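The values are calculated or read from the model by the stated rules, or taken from the named source; none is laboratory data. Not measured: the values here are computed from a predicted model. Every residue, glycine among them, receives a Cβ derived from its backbone with ideal geometry; neighbour counts consider all protein chains shown. We work out accessible area using only protein heavy atoms, side chains counted, and drop any ligands, DNA or RNA first. Shrake-Rupley method; radii C 1.70, N 1.55, O 1.52, S 1.80 Å.
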Amino acid sequence: MTSTHPLEEIADLYKRRWQVELFFRLMKQTLRITKFVGRSENAVRIQIAVALIAYLLLRALQQITKETHGFLELVRLVRANLMHRKDAARLRNPPPPPPLDSRQLQLSFLSS
């Protein structure tokens with residue numbers, strides 16, 4: 001029984017290592033952390049924490065809006081509309097056309 005105990009420890013270490021590998025894969029692909037801005041441990045921790053917060057907020061938005069499209073498309077929509085005050089449910093809708101002013105000349109092009 002003592003000989004199997006180290007084998008279980010080794011298996012547990014590999015499982016934990018695999019979780020670390022999956023975490024960094026998630027960071028690289030989904031969170032888009034390709035390089036760390038700072039070099040200190042604190043700077044790296046802050047960058048990871050900010051990326052995780054952004055990821056969790058986007059996942060929450062996906063659940064709230066019941067978005068059926070992919071996560072990356074939602075990320076693109078949020079990135080494109082980040083500086084616009086817009087309801088999250090209307091991210092996919094194009095902006096309304098500007099109101100027409102009767103005092104302004106309207107141009108119409110004839111297609112041949």
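Pairs please, first residue from segment 39-60 and in contact (Cβ under 8 Å) with a residue 12 or more places away in the chain, second anywhere and open to solvent by 40 Å² or more (accessible area, probe 1.4 Å) and among the aliphatic types (A, V, I, L, M), Cβ atoms under 7 Å, 6+ apart in sequence or on different chains. Sorted first by the residue in segment 39-60, then by its partner, the pairs are Gln47/Val37. Evaluated against (1) aliphatic (A, V, I, L, M); (2) touching a Leu at 6+ places or on another chain (Cβ under 6 Å); (3) open to solvent by 60 Å² or more (accessible area, probe 1.4 Å), Leu13 falls short on exactly one condition, (2). Arg59 meets the stated requirement of being basic (Lys, Arg) and closer than 23 Å to Lys86 by Cα. Among the residues of segment 16-35, those identified as at pLDDT below 85 and open to solvent by less than 90 Å² (accessible area, probe 1.4 Å) are Phe23, Leu26, Met27, Thr30, Leu31, Ile33. Select from segment 2-49 the residues that are among the basic types (Lys, Arg) and under 19 Å from the mean Cα position of the chain (by Cα) and list them in ascending order. The answer is Arg25, Lys28, Arg32, Lys35, Arg45.
Considering only residues in segment 57-112 that are in a loop (DSSP other than H, G, I, E, B) and basic (Lys, Arg), the one that is farthest from Met27 (Cα to Cα) turns out to be Arg103.
Kindly check whether there is at least one residue in segment 52-64 that is more than 18 Å from the chain's Cα centre (by Cα), among the basic types (Lys, Arg) and modelled with pLDDT of 80 or more. For segment 52-64, residues more than 18 Å from the chain's Cα centre (by Cα), among the basic types (Lys, Arg) and modelled with pLDDT of 80 or more: absent.
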